[in-house]
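Worksheet: the structure to be examined is printed underneath.
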Amino acid sequence: MRHTKRHAPRLLASAALLVGGPLLPSRADLLVTNPSADQSIGQGGSPMHIADGPFLFAGDDPFYSDYWRSVLRFDLTSIPPGSLVHRVEVILQETATVGVGPGEVALRPALTAWTEGTATWFAPWNAPGGDFGAESAVTDAYAPGPTVFASTPALVGDVQTWVDLPASNHGWFAIERTFGAALAYWLARTSPDPALWPVLIVEYTLPPANHCVGAPNSAGTSATLGWTGSFAHAQNAFTLTLAGGVPNVAGIFFCGDGEQQTPWGNGFLCADGQLVRLPPAVTLSPSGAAARTLDLDAGAGLHLVPGSTWSFQCKYRDVPAGGALFNSSDALRVTFAP
């Protein structure tokens, strides 16, 4: 498995709040992995009804009057909870075709837990041939070479559900769609060459996370940032929240495309690089709370493009504390998904 991390943030020394040119998006996180389990199930005249060897099958075997389909499951636990999935691709390596093609194969989400090597056409399913949902992706098959299931909203939805609810991850069935007299052979994860095993590619964005320090203020608390809504740019529904500030004082949200932890006022400046104010100013509530809903399609939002990573903070007045007469929250790191 290969799991790449997002680019490290740029650490630039700047305390001026300004608006510069737009940023280039950073690369999303990527999971490239092989199945944790795969096998074929079949019915018909052949003596073999379970395939747990080097091949996966889908279609009709014209020599034995068998019908086959495959089931694959991938481990997604390396994707942190709360991540937003936005691209999914499945690639199988076809080595041979028996009979007359071409034809189509569909991926359908499996709805029942199964165990590699023991699943049959009849077990553990509630219906013969397996329990599965609607088609998530369709592609042409029955020709040697890569069989690619390109990303679709349904494939993305399957993986997003499995990331959010890991116990529901039973993988996909690969099922012949055209029911012709042809049988596709793909290499399974038990085949000799790992480079030819089935592959799942998932592109995703990590959820927002706090960093840096909110220093204690005159109210005896430390201000922290949170969020509600969605960090998907297309949804345009992202709201910053502040808790633990000084009651009934003025504040301003801002962000930067880098990170630091530098003494600033009575607290710390956590955002760095290109710094952007997010007006208008807010008045903290009697409990020291505030919120700012961002318009990602206009104004400062033009800098918050999909794939870009920003650190958000709130600066607020704190006259009773003396010193610099202001303090700041901790920071919230946000990468905006498409």
Of a type in the set (Ser, Thr, Tyr), in contact (Cβ under 8 Å) with a residue 40 or more places away in the chain and assigned to a strand (DSSP E or B) - does that describe any residue in segment 142-152?
yes
With (1) within 15 Å of Asp38 (Cα to Cα); (2) free of Cβ contacts under 8 Å to residues at least 12 places away in the same chain; (3) among the charged types (D, E, K, R) as the list, and Arg189 as the residue in question, which single condition is left unmet?
(2)
Report yes if some residue within segment 313-328 is in a strand (DSSP E or B), farther than 22 Å from Ser230 by Cβ and within 33 Å of the chain's Cα centre (by Cα); otherwise report no.
yes
Give segment 153-186 a look and list any residue that's more than 14 Å from Glu104 (Cα to Cα), assigned to a loop (DSSP other than H, G, I, E, B) and in contact (Cβ under 8 Å) with a residue 12 or more places away in the chain, or say none.
Asn169, His170, Gly171
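For segment 285-312, how many residues are on the phi > 0 side of the Ramachandran plot and either touching a helix residue (DSSP H, G or I) at 6+ places or on another chain (Cβ under 9 Å) or assigned to a loop (DSSP other than H, G, I, E, B) (or both)? Reasoning before the result, please.
Going residue by residue through segment 285-312, those that are on the phi > 0 side of the Ramachandran plot are 288, 299, 307.
Checking which are either touching a helix residue (DSSP H, G or I) at 6+ places or on another chain (Cβ under 9 Å) or assigned to a loop (DSSP other than H, G, I, E, B) (or both) leaves us with 288, 307.
Residues that pass the stated criteria total 2.
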Just the residues that are under 20 Å from Ser218 (Cα atoms) and either in contact with a Pro (Cβ under 9 Å, 6 or more places away or on another chain) or in a strand (DSSP E or B) (or both), please, taken from segment 244-261.
Val246, Pro247, Asn248, Ala250, Gly251, Ile252, Phe253
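So that you can scan it fast, the table gives a plain yes or no per residue for (1) surrounded by fewer than 16 Cβ atoms within 10 Å (Cβ to Cβ); (2) polar (S, T, N, Q); (3) without any contact (Cβ under 8 Å) to a residue 40 or more places away in the chain:
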| position | (1), (2), (3) |
| --- | --- |
| Ala58 | no, no, no |
| Pro80 | yes, no, no |
| Gly103 | no, no, no |
| Trp114 | no, no, no |
| Ala123 | yes, no, yes |
| Phe132 | no, no, no |
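Conditions tested, residue by residue: (1) in contact with a Gly (Cβ under 9 Å, 6 or more places away or on another chain); (2) outside the structural domain of Gly258 (by TED's automatic domain parsing); (3) surrounded by fewer than 18 Cβ atoms within 10 Å (Cβ to Cβ).
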| site | (1), (2), (3) |
| --- | --- |
| His211 | no, no, yes |
| Asn217 | yes, no, no |
| Ala223 | yes, no, no |
| Asn236 | yes, no, yes |
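Listed here are the residues, each with its yes/no results for (1) out of contact with any Phe, Trp or Tyr (no Cβ under 7 Å at 6 or more places or on another chain); (2) outside the structural domain of Trp227 (by TED's automatic domain parsing); (3) at pLDDT 95 or above.
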| residue | (1), (2), (3) |
| --- | --- |
| Gln261 | no, no, yes |
| Trp264 | yes, no, yes |
| Val276 | no, no, no |
| Ser285 | yes, no, yes |
| Gly288 | yes, no, yes |
| Ala291 | yes, no, yes |
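The values are calculated or read from the model by the stated rules, or taken from the named source; none is laboratory data. Predicted, not measured: the structure shown is a model, and the values here were computed from it. All Cβ positions, even for glycine, are placed from backbone atoms using ideal geometry, and neighbour counts span all protein chains on display.
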